[in-house]
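What follows is a set of notes on a single structure, which appears directly below.
Laboratory data are not the source of any read-out in this text; all were calculated from the coordinates shown. From a predicted model like this one, the values you see are computed outputs, not experimental measurements. Counting neighbours? That spans all protein chains shown, and the Cβs are built from the backbone with ideal geometry, glycine included.
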Amino acid sequence: MEYELIGEGRHSKVFRDGKRAIKVEKLKGVAQKEARWLRILNKHGIGPKLLEVGKNYVVYEFVEGEYFEDILREGKLTWELLEKCLRKAFLMDKLGINKEEFHRPLKHIIVKKGKPRLIDFERCKEGKPKNLSQFISFLLKGKVNEEMKRALREYKREVNEKNFQKVLSLLKLHDIAKG
């Protein structure tokens, strides 16, 4: 059986086998790290379902849909979709898990039928929350005003629904999404 190469980075290659994705490490430990984070995140409905782990590979469900970069380029980003993406960043912040990829999420969010799915967790780390702030900085192209900076500092001090809603309300003032 021949697998289709669907992605390659510095640390791994990803192949498709029907409804499964197979990540094969180039750098030792990448597969085990991805599997560790998927086990944790799958309990919270984040990431593709982990199916199998080997010594130098990890198998998970293949996530179909459009890359976030295509959604942006084609002008199809809605406030509803954006809020779902922000909520996933918020949930990861509450869990104390930094994805380390929200500053450039173009190929790390896949959207199908209005539902975003996150992929690629090999760079995750435990630590102070920064997923939401990285994502907002990306959305605002690094041009975060003082009021948003204050709201994000407060959010980082205390990751809770109230502070998340404050950040959302400030973000709505920006013309990022349609709808």
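Values as computed for the structure displayed
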{"item": "Helix axis angle, 146-157 relative to the chain longest principal axis, alpha carbon, degrees", "result": "60 degrees"}
{"item": "For Gly65, residues with placed amide H under 5 Å, excluding near neighbours", "result": "none"}
{"item": "Least to most buried among Glu147, Glu83 (fewest other Cβ within 10 Å first)", "result": "Glu147, Glu83"}
{"item": "Cross-link pairs beyond the 32 Å C-alpha cut-off, checked among Lys43/Lys162; Lys19/Lys84; Lys26/Lys156; Lys19/Lys94; Lys107/Lys149; Lys26/Lys149", "result": "Lys26/Lys156; Lys26/Lys149"}
{"item": "Exposure proxy order (Cβ contacts within 10 Å, fewest to most) of Leu81, Leu51, Leu132", "result": "Leu51, Leu81, Leu132"}
{"item": "Förster radius 35 Å - calculated FRET efficiency between Lys13 and Arg157 (Cβ-Cβ, nearest 0.05)", "result": "0.30"}
{"item": "At R0 = 35 Å, FRET efficiency that the Cβ-Cβ distance of Glu52 and Glu146 yields, to 0.05", "result": "0.10"}
{"item": "Phi to ³J(HN,Hα) by Karplus 6.51 cos²θ - 1.76 cosθ + 1.60 over region 159-172, Hz, x for Gly, Pro", "result": "7, 8, 4, 4, 5, 5, 5, 4, 4, 4, 5, 5, 5, 4"}
{"item": "Calculated from backbone phi, Karplus (6.51, -1.76, 1.60) coupling profile of region 26-33 in Hz, x at Gly/Pro", "result": "9, 10, 3, x, 4, 5, 5, 5"}
